[in-house]
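Notes follow once the structure below has been shown.
The values are calculated or read from the model by the stated rules, or taken from the named source; none is laboratory data. From a predicted model like this one, the values you see are computed outputs, not experimental measurements. We place every Cβ from the backbone using ideal geometry, glycine too, and count neighbours over all the protein chains shown. When the accessible area is computed, the model is the full protein with side chains, heavy atoms only, and any ligands, DNA or RNA have been set aside. Shrake-Rupley method; radii C 1.70, N 1.55, O 1.52, S 1.80 Å.
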Amino acid sequence: MTSTSSTTTRDHFQRIPYEPANDGRVEMHSGLSRHYPTLHGNLVAQPGYSKDVGVVMCHPASNFLSHFLLRAFAEAGVPAMGLNTRYSSNEPALIMERAAFDLGTGVRWMADELGFEKVVLLGFSGGGSLASFYQSQAQNPTVTTTPAGDPAPFAEANLRPADALMLVGAHPGRARVLRHWIDGAVTDESDPYATDPDLDLYAPGRTAPLDPEWVQRYRDAQLTRMRRIDAWALEQLADLERTGASDRGFVVHRTVADPRFVDLNLDPSDRELGSMYGDPTAANTAAGGLARFVTVRSWLSTWSVDHTHADALTDLRNVTTPTMVMSLLGDQAAFAEDSRLMHDALAGTHNELIEMRNLNHYLVDQPDGLSDVVGRLVAWIRRTVLEEVSA
């Protein structure tokens, strides 16, 4: 495992067949995806690379084929594959259970088809909750259906657990993120401008430090709003079943309004004011906001605090493989307390929490940060995984 010149690093595109859903619903409009179900992966490696250990990275809906960590891993001597689920570029239809099956297909491909002796699963950002969910069900399959009642037989899926798990800049779940980011001031889901002025996080004159009692009222209002959408979604699910309709899409307005974006005294870290999108006030009403476009089935599987299965703080209780949680303390999306809670939830004994000072979520304008992060990750892999290979 020696580092070589980046000019020799190569991308190896992977076409990975997967088993599509057979429920008769059309969850993607692409005929290519429907008739030729293929997951796409990109293995980045040096010529003559070792197959002792490889890393797999995946996100529920984002394109990870050119993730910035892949090349850095390869240059450090560890081949790494970015994997896309069937929901890449189709986030509104995302079903976390099916995304986990896709990840399982990629993990097995890494071991059985590409021949890696050990496979390390890396969950970055939103990939953290997917990786935790997958590893939990691979080790202890308990889920049999999606929250909407569709089949999700994990015990029959023959999932291969990863040999180790790394969570980097990860948050504990999409539902937990939205529960803290959704705008608690909204009073009418059909009207993004119908708000309670007293709960407007971005109201002129509201300054940090925020009053703790106000923050608690705001957090309560956020949870109330989440559960209001839950109740509506469950009503719609009943209508779908009654009418035989496949699904129903809807819009969730104003979802970038976490008090931590404007008050650094809340969950203190090295981060700067603002959100991962920049100005949170503008992002709150932008088209690309968190969970902006979604369906009833996807909401219950992905975004519902009370119904999703993909919750790292619960899932990690079943993960006994060696696990490392790396917190980027300059992160404006995955906060320091999230990483500490995930580390505390782990069931195994070979676990480690590493907090990286000042580094932001995407390591933007932090070239030394990338080498520091990958250096720590590779050193951990050598200590916890490769020692087993050579033993």
Requested in this report: Kindly indicate whether any position in region 101-112 is under 30 Å from GLU235 (Cα atoms) and of a type in the set (Asp, Glu).
Outcome: yes
Report summary line: Taking region 114-149 and keeping residues within 19 Å of ASN42 (Cα to Cα), more than 16 Å from the chain's Cα centre (by Cα) and of a type outside the set (Val, Ile, Thr) leaves LEU114, GLY115, PHE116, GLU117, LYS118
Query - Filter result (open to solvent by 10 Å² or more (accessible area, probe 1.4 Å) and over 25 Å from PRO141 (Cα atoms)) within region 296-329 - result: LEU329
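Return the residues of region 254-290 that are of a type in the set (Val, Ile, Thr) and either under 22 Å from LEU359 (Cα atoms) or crowded, with 21+ Cβ neighbours inside 10 Å (or both); say none if nothing qualifies.
THR255, VAL256, VAL262
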**Report entry** Members of region 134-154 that are among the small types (Gly, Ala, Ser), farther than 21 Å from ARG297 by Cβ and either open to solvent by less than 10 Å² (accessible area, probe 1.4 Å) or in contact (Cβ under 8 Å) with a residue 40 or more places away in the chain (or both)
**Finding:** SER136
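May I ask you to say which residue of VAL26, VAL78, VAL107 is within 22 Å of the chain's Cα centre (by Cα) and at negative phi?
Going through VAL26, VAL78, VAL107 in turn, the sole match is VAL107.
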Query raised in the report: Pairs, please: C-beta under 6 Å, at least 6 apart or cross-chain, first residue within 11 Å of MET356 (Cα to Cα) and in region 324-339, second open to solvent by 10 Å² or more (accessible area, probe 1.4 Å) and among the hydroxyl-bearing types (Ser, Thr, Tyr)?
Result: LEU329/SER269; ALA336/SER269
Query - Residue among ALA194, ALA185 that alone is touching a helix residue (DSSP H, G or I) at 6+ places or on another chain (Cβ under 9 Å), small (Gly, Ala, Ser) and closer than 16 Å to THR285 by Cα - result: ALA185
Query raised in the report: Of all residues in region 175-194, how many are in a helix (DSSP H, G or I) and either free of Cβ contacts under 8 Å to residues at least 60 places away in the same chain or among the basic types (Lys, Arg) (or both)?
Result: 2
Requested in this report: Looking for whichever is of a type outside the set (S, T, N, Q) and without any contact (Cβ under 8 Å) to a residue 60 or more places away in the chain here; the options are ALA131, ALA72, ALA157. Which one fits?
Outcome: ALA157
Query raised in the report: Could you say whether any residue in region 21-37 is at pLDDT 95 or above and surrounded by fewer than 24 Cβ atoms within 10 Å (Cβ to Cβ)?
Result: no
Query raised in the report: In region 104-141, how many residues are in contact with a Gly (Cβ under 9 Å, 6 or more places away or on another chain) and within 17 Å of PRO20 (Cα to Cα)?
Result: 2
Report task. State all residues of region 344-382 that are open to solvent by 50 Å² or more (accessible area, probe 1.4 Å), modelled with pLDDT of 95 or more and closer than 27 Å to ASN318 by Cα; if no residue qualifies, say none. Result -> ASP344, GLU352, LEU353, GLU355, ARG376, ARG382
